[in-house]
Amino acid sequence: SEYRLVVEYPDGVKDTPPSEEQEKAYDYLLEHQEEIRDALLPRLFEEYERIGLQFTPEDREAYGIPTITGPDELKICMGLSSVHILNLSKDGFAYLGLSFGCEWDDEHGSGAMLHKSRILAVSDATASFDEWIAREDRDGTTEEH
């Protein structure tokens, strides 16, 4: 599948090549994509269910919100749209954000912030590029997102 790759410039300097930490993070994502997907699907399903509680069955039908009964069913109604490689790293690997298009929220989508295979946050697409999530984790001040 196709997705947009967004690499933050190291130190904010335009046209700077990716840092070693950014390259290692992207390589890690490619090498462990199935493991990451399998860990992420249940968390994305929890987010889908949380959002779904806001709608009546009539609203769900009117807005075209699919009825999904388990994490594996997400594969048919959402897809990776962007990979964000942040200019923040920990233990030699940059933080990664994944943004997904999803049938139940065309405007906000879904997103996740990761460090290697560790999921830091799952929410709407803003979670995929929210540097505060990565900064809190790196600095040891993480709160539940």
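The values are calculated or read from the model by the stated rules, or taken from the named source; none is laboratory data. All figures in this text were calculated on a predicted structure; none of them were measured in a lab. Don't worry about glycine lacking a Cβ; one is built from the backbone with ideal geometry, like all the others, and counts go over all protein chains shown. These area figures cover heavy atoms from the full protein model, side chains too; ligands, DNA and RNA do not enter into them. Shrake-Rupley method; radii C 1.70, N 1.55, O 1.52, S 1.80 Å.
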* **Count - residues of segment 1-55 that are at pLDDT 85 or above, of a type in the set (A, V, I, L, M) and out of contact with any strand residue (DSSP E or B) (no Cβ under 8 Å at 6 or more places or on another chain)** => 2
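Checking the condition surrounded by 11 or more Cβ atoms within 10 Å (Cβ to Cβ), at pLDDT 80 or above and closer than 21 Å to Ala112 by Cα, which residue from Gly79, Gly70 passes? First the steps, then the outcome.
Numbers: Gly70 fails: surrounded by 11 or more Cβ atoms within 10 Å (Cβ to Cβ).
Criteria check complete, one pass: Gly79.
Please count how many residues of segment 23-34 are open to solvent by 60 Å² or more (accessible area, probe 1.4 Å) and over 21 Å from Ala125 (Cα atoms).
In the first step, residues of segment 23-34 are kept if they are open to solvent by 60 Å² or more (accessible area, probe 1.4 Å); the result is 23-24, 27, 30-31, 33-34.
Narrowing the set further to residues that are over 21 Å from Ala125 (Cα atoms) leaves 23-24, 27, 31.
Counting residues in segment 23-34 that are open to solvent by 60 Å² or more (accessible area, probe 1.4 Å) and over 21 Å from Ala125 (Cα atoms) gives 4.
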* Wholly within segment 1-85, helices (runs of 4 or more DSSP H) carrying at least 3 residues that are in contact (Cβ under 8 Å) with a residue 12 or more places away in the chain and closer than 18 Å to Ser110 by Cβ -> 33-52
* Complete set of residues in segment 89-139 that are open to solvent by 60 Å² or more (accessible area, probe 1.4 Å), closer than 21 Å to Leu41 by Cβ and either basic (Lys, Arg) or modelled with pLDDT of 95 or more (or both) -> Lys116, Arg118
* Structure fact -> With criteria (1) within 18 Å of the chain's Cα centre (by Cα); (2) surrounded by 12 or more Cβ atoms within 10 Å (Cβ to Cβ); (3) farther than 15 Å from Ile119 by Cβ, Phe45 comes up short on (3)
